[in-house]
Amino acid sequence: MNAAPAFALLVAIVAVPTAPKTASAADLSVAVAANFTDAAKEIAAAYEAETGTHVRLSFGSTGTLYSQISQGAPFEVFLAADQERPRKALEEELAVAGSDFTYAVGRLVLWSAEAETVAGEETLRTGGFSKLAVADPTAAPYGAAAIEVIERLGLTETLRSKLVQGSSIAQTFQFVQTGNAELGFVALSQVPADGGSRWEVPQSLYTPIRQDAVLLKTGAADPAARAFCDFLRSPQATAIIARYGYGLPGGS
């Protein structure tokens, strides 16, 4: 009976964005889309081990991070969950011309923390649940992909009253992980290898989630920022990216 208050409390706790810290001269400051959190931490550790440069990572929805960048946040590299914001950064002269590239291709899954809850597309059609979590489609590309799936399945009106919205894909995952929503659309990279139940959504149901990186003007004169962009495309980094369930540019 206290599920609704608990859900509201969770929103209040996690919806407040963390302001980026000011990086020291010895740090490289990177803004990272929330879905890429674990992979980015491992890549940053590998880069630091190889170069000695500490990478300061700030996570959030792509939309929120872009808003911070446009307001002067001291990030040097931006790892978005879409192509739109890096291109916008280029158009608004916040990024270095020609520095954008796709570093990963995201995969969307319908996931529940409970075993046998998710059994493919039919789970959505039968509607035997009260809450379906999705990320804010205006700020999080994975949320936009989730809405696209629902629309293509013709379930927009059927599921409208069941949708609960996270400010980012990280918050959306928390809703499902804590049971505040029985299931939700999240990134494959977030889902534990064992436990729960999942349906990897066919690519035919949503536009490919091509995630682009871009060198920001604040990092243009920093060799470490350029080197990090290069490292992100190295065999060492791409192996990490693939291991977390992402597709690679030009690959599967």
Cα-based shape type of the stretch 107-205, given that a ≥ b ≥ c are square roots of the gyration tensor eigenvalues and the cut on a/c is 1.5: rounded
Hey, if you drop one equal point scatterer on each alpha-carbon of the stretch 59-134 and run the Debye formula without solvent, what base-10 log of I(q)/I(0) do you get at q = 0.11, 0.15, 0.20 Å⁻¹? -0.47, -0.67, -0.84
For the chain, what is the convex hull volume of the alpha-carbon atoms per residue, in Å³? 128 Å³
Simple Cβ-charge dipole of the chain, Lys/Arg +1 and Asp/Glu -1, about Cα centre, in debye nearest 20: 180 debye
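Taking neighbour Cβ counts within 10 Å as the exposure measure, how do Glu42, Glu50 sort from fewest upward?
Values: Glu42 15, Glu50 12.
Exposure proxy ranking, most exposed first: Glu50, Glu42.
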State, in angstrom, two size descriptors of the stretch 44-172 derived from its alpha carbons: Rg to one decimal place and Dmax to the nearest whole number. 17.9, 53
Among Arg210, Arg152, Arg85, which one shows the biggest mean-square fluctuation in a GNM of the chain, springs joining Cα atoms closer than 10 Å? Arg152
Amide H proximity to Ala104 below 5 Å, modelled H, separation 5+ or other chain, gives Gln211
Across Gly106, Gly72, Gly166, the residue with the highest GNM fluctuation in the chain (Cα network, 10 Å cutoff) is Gly72
Under Karplus coefficients 6.51, -1.76 and 1.60, residue-wise ³J(HN,Hα) of the stretch 80-93 in Hz, glycine/proline x: 8, 9, 8, 9, 5, 5, x, 5, 5, 4, 5, 4, 8, 6
Which of Ala145, Ala89, Ala115 fluctuates most in a GNM of the chain (C-alpha springs under 10 Å)? That residue is Ala115
Final fewest-first order of Glu76, Glu122 on the 10 Å Cβ neighbour count is Glu122, Glu76
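Throughout, read-outs are computed from the coordinates displayed, never taken from laboratory work. Here the structure is a predicted model, which means the values were calculated and not measured. As a convention, Cβ positions derive from the backbone with ideal geometry for all residues, glycine included, and neighbour counts pool all protein chains shown.
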